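Take a look at the structure set out below.
None of the figures in this text is laboratory data; all of them are computed from the coordinates on show. All figures in this text were calculated on a predicted structure; none of them were measured in a lab. All Cβ positions, even for glycine, are placed from backbone atoms using ideal geometry, and neighbour counts span all protein chains on display.
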Amino acid sequence: MGVAGNQAYWEGQPEGVTLLDTTIGDMFDASVLAEGDREAVVYDYPELNLELRLSYRQLHEVVQQLAKGVMALGVQAGDKVAVLAPNLPQWLFLEVALAKIGAVLVTVNTGYKQAELAYLLKNGDIKVLFTVESYRNNSFLEALYGIVPELGQCLDPVAQPLQSAALPHLRQVVILGEVDKPGCLRYQRVLELGADVTDAQLAQRQATVQPHDVAQIQYTSGTTGHPKGVMLSHHSTLNNAMLTSLRLPFGEAERFLCSMPLFHTAGCVVNVLSTLLNRGTLIMAVWFDARKMLELIHAERPTIINMVPTMLIAMLNDEGFQQGRYDTRSIKKMLTGGTSIPIVLIEEVARKIGGNPTIVLGLTETSPIVCETLADDSFERKSSTVGKPLPHTSVRIVDTETGRVAGFGEAGEIQVKGYLLMKGYYKMPDKTAMAMDADGWFRTGDLGSMDAEGYVRVIGRVKDMIIRGGENIYPVEIEEFLLRHEHVEEAAVVGVPDDYMGEEAVALVRRAVDSNLDEDALRTYCREGISRYKVPKYYLFVESFPLTPSGKFKKNELRRIAAEQLGLIIPE
């Protein structure tokens, strides 16, 4: 176990942990059998007319009925079923029910517009789509009627399923609501159809599902070209949930506030599967809202939270929290990552919100967690690294120019190998071959380094690296430095074209409340603290940052915004 020789290569070992050889459905049944009366799921949203508390036994009853209903629709093992909705109870039920019957859950980003949705439905060979009518002024039904006009003419979706040339695999659209919509089935109707499927038929189907079968397809953000469907298995996701929770560690009867979107692995794997596997309680957030999270923490007393730094900052800045109206001391542990986390933020979160922060590195293609800090690591180490690789996980740093394994502290691409890897990109063998070499190493596209103890530091994305006059500049290094300034709340660094130097760095900064920090002061701060070639040429102050649903900066959009404000043209 540990680094191999004097190279940045961590050779994964069991570390005393045996991988699970089971399926999501069987895991869930075992948890129900062991802790049937324990509270499994809580939705505390009276403002949405959504107040739900289910024990493991009650959750099992709902999941069983839903699994039978989906079977009654004609969904076979291996069929693709998509879910497009915020974190509603039905989303959670579907995650387990589809796994039980061997169907593949295809997660859909709630930010998708019509063209993106059309691509996913076609590329993913979706047979059934479960969706809400609309979300945040985005009408999914309007988009669907535009993609498949035949949907509105479908009089009996059960007896005469949809037939469409545009989407030849799509048979039904199920609405997660109480109002009938042309061509669509109501969710309740699917539950009713389950009455025609026996317990024995469901058990027979569940027995055919194997651990290495594909359980989910998660589509990447598609920053270049079309999004890619990442195929994840029962084996990879369940074991990743287990290993992540062991390092946290996840104790007995923990209560986990699930604020990450379920259409990301951070939500449906790290939060949901970890909690069900460890027989804890899921306190569900329908979507992230800082004030609502504080209310849920105060009322429901979670012991674990999983939030990206932007979410934590939003809670710290909430006026009610600053006035002491919310008690968050029930929190003992928290998972965070996804971007640079300055030590001052880690210390402030631990002091004001509570809990021992654990830093992770995760990617969709790795099910998702690769590295995680240890509970007793110092805050300094947690602010500068993403921890060590999890058990059964090999990680190496590879020089992007020579292809050799880098030395300790040297920058290179982070590559990963082990049980946690995806089974490939759906229907994209060429893209899969580009991402994974012949020896099974996955090229993450992340730049990083490793020290002699195996701790990994993320520097940025390979494509985000700025090359200024032949010098490599890693944005994360500058971002971390900027975040140390007492008047800087958030910071992002991107590269823009320069006729002489090739590229120059732009710092986009959100100032602290009531700060009068200006460009000259920030430039002086940088000149005094970092190498001259790393000092950004441009400084832009912003009120907010465009974020992905998982809370990461949209660097491509920031690059465009910076170029527009500076009057520069970014080549296609």
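Worth pointing out:
- Computed 3J(HN,Hα) for segment 125-139, one whole-Hz value per residue from the Karplus formula 6.51 cos²θ - 1.76 cosθ + 1.60 where θ = phi - 60°, is 6, 5, 8, 9, 10, 9, 8, 8, 5, 7, 7, 6, 6, 10, 7, glycine and proline marked x.
- Length gained when the stretch residue 452-residue 376 is fully extended (0.36 nm per residue, less Cα-Cα span): 25.5 nm
- Ordered by the count of other Cβ atoms within 10 Å of each Cβ, fewest first, 569, 126 give 569, 126.
- Peptides 195-201, 278-284 ranked from most to least packed give 278-284, 195-201, packing being the mean of other C-beta atoms within 10 angstrom over each peptide's residues.
- Residues with amide H under 5 Å from that of residue 132, placed H, sequence gap 5 or more: 84, 176
- Ranked by how many other Cβ atoms sit within 10 Å of their own Cβ, fewest first, the residues 363, 296 fall in the order 363, 296.
- J(HN,Hα) series, segment 494-501, from Karplus relation 6.51 cos²θ - 1.76 cosθ + 1.60, nearest Hz, glycine and proline x: 10, x, 10, x, 9, 4, 8, 8
- Partners of residue 431 within straight-line reach, counting lysines whose Cα lies under 25 Å from its Cα and excluding those fewer than 8 residues away in the same chain: 80, 113, 122, 127, 228, 417, 423, 463, 552, 554, 555.
- For residue 527 and residue 51, the FRET efficiency from 1/(1 + (r/R0)^6), where r spans their Cβ atoms and R0 equals 41 Å, is about 0.15.
- Leading residue at positive end of dipole, the chain (Cβ point charges), from 544, 466, 134: 134
- Computed packing ranks the peptides 318-330, 95-107 as 95-107, 318-330, most packed first, by mean other Cβ atoms within 10 Å.
- Residue exposure proxy: 420, 141, ordered by other Cβ atoms within 10 angstrom of their Cβ from fewest to most, comes out as 141, 420.
- Peptides 160-171, 301-312, 35-46 ordered by average Cβ neighbours within 10 Å, highest first: 301-312, 35-46, 160-171
- For the pair residue 564 and residue 300, the difference between a 0.36 nm per residue extended length and the Cα-Cα distance amounts to 90.5 nm.
- Where a label projected 7 Å from the Cα of residue 17 along Cα→Cβ would reach, residues of segment 261-302 with amide N under 16 Å: 269-279
- Close amide H contacts of residue 230 (hydrogens built in the peptide plane, cut-off under 5 Å, sequence separation of 5 or more or a different chain): 218, 219, 220, 426.
- Compactness of segment 83-172, taken as the C-alpha radius of gyration over 2.2 N^0.38 Å, stands at 1.06.
- Label-zone membership for segment 449-493, site residue 537, 7 angstrom Cα→C-beta point, backbone N under 12 Å: 467-470
- Here r is the Cβ-Cβ distance between residue 554 and residue 199 and R0 is 60 Å; the resulting FRET efficiency, rounded to 0.05, is 0.80.
- Relative to the current alpha-carbon distance between residue 30 and residue 499, full extension at 0.36 nm per residue lengthens the span by 162.6 nm.
- Shape annotation for segment 465-566: C-alpha extents along the principal axes are 38, 33, 23 Å, from largest to smallest.
- Estimated FRET transfer efficiency when R0 is 60 angstrom, pair residue 400-residue 37 (beta carbons, to 0.05): 0.65
- Database remark: amide H of residue 45 closer than 5 angstrom to the amide H of 50, 51, 52 (H placed geometrically; neighbours at sequence offset of 5 or more, or on other chains; Pro and chain starts carry no H).
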